[in-house]
1. Find the all-direction average of the projected area of the Cα convex hull for segment 35-75, expressing the result in square nanometres with one decimal place.
2. For Lys136, which aspartates and glutamates qualify as cross-link partners when the Cα separation must be under 19 Å and same-chain residues fewer than eight apart are set aside?
3. Can you check what the net charge comes to around Asn167, using other residues whose Cβ is under 15 Å from the Cβ of Asn167 (Lys, Arg +1; Asp, Glu -1)?
4. A 30 angstrom limit on the alpha carbon distance is what I want to check against. Which of Lys31/Lys94; Lys81/Lys189; Lys21/Lys94 exceed it?
5. Would you report the distance distribution of C-alpha pairs in segment 87-127 as whole percents per 5 angstrom bin, up to the bin with the largest distance?
Amino acid sequence: MKLLAIVIVLCVSFSSCVQLKLAEDKRSTVKDIGIEYEFGENVETVYKSRIDSVINFVINQFNSEHHSFTVHKAVKGEENKSCLKLNFQKAHYKGTGALVASYIITPIGLIVTPMAVMTATSGQAFFLFWYLAADKMNIKASLSSDIADVSNESKNIKVRTGATFSNRDSRLRKISNKLGDYLYTTLVKLDKK
């Protein structure tokens with residue numbers, strides 16, 4: 001139990017906590033921020049329209065509230081003007097093969113393997129494993145150089161949702177909701193800092 005607590009503390013201590021921040025001198029002058037986004041070659045087509053819809057929804061939600069700045073979709077050519085840049089590097093939707101593997105491997109790993117290992121070791125060892133398929137999205141977020149804090153780095157975001165026990169629409173809705181929550185929270189944090 002102590003080992004588990006130590007591992008958790010170390011993971012939290014050494015994990016990257018990069019926060020996007022507006023430059024101190026820009027906080028009061030920035031009145032509008034564009035959201036610029038692009039898709040890498042590892043983004044599956046099923047996600048592209050969803051991502052576009054999520055960004056539109058978050059922009060409308062954020063602008064309907066009272067904040068120190070408004071948000072819009074960046075237009076081509078605005079790349080260096082007050083932008084939150086989102087580079088969708090990977091968005092992978094698990095197919096039928098991964099789901100079938102998940103249905104087979106998990107029961108074997110959680111039921112059969114422990115029984116076999118305990119029998120073979122006269123109850124002295126216990127081992128189990130599982131595989132639960134997950135849909136994944138990897139995004140690199142940064143602020144344009146004209147508004148970014150000097151210490152700002154790009155932030156790597158990983159959005160994951162379980163795929164094993166959900167249908168296609170439910171899975172797409174879950175990952176879209178998580179992306180929307182992350183984007184909205186990022187904008188609110190920029191407004192507060």
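Values quoted throughout were computed directly from the atomic coordinates according to the rules given, and no laboratory measurement underlies them. As the structure is a computational prediction, the values presented were derived from the model and not from experiment. Neighbour counts run over all protein chains shown; Cβ positions are idealised from the backbone, glycine included.
1. For the Cα atoms of segment 35-75, the hull's average projected area reads 3.2 nm².
2. Straight-line reach from Lys136, under 19 Å: Glu38, Glu41, Glu44, Asp52, Asp169, Asp181.
3. +3
4. Lys31/Lys94; Lys21/Lys94
5. In whole percents, the pair-distance histogram is 5, 21, 15, 13, 12, 10, 10, 7, 4, 2, 1.
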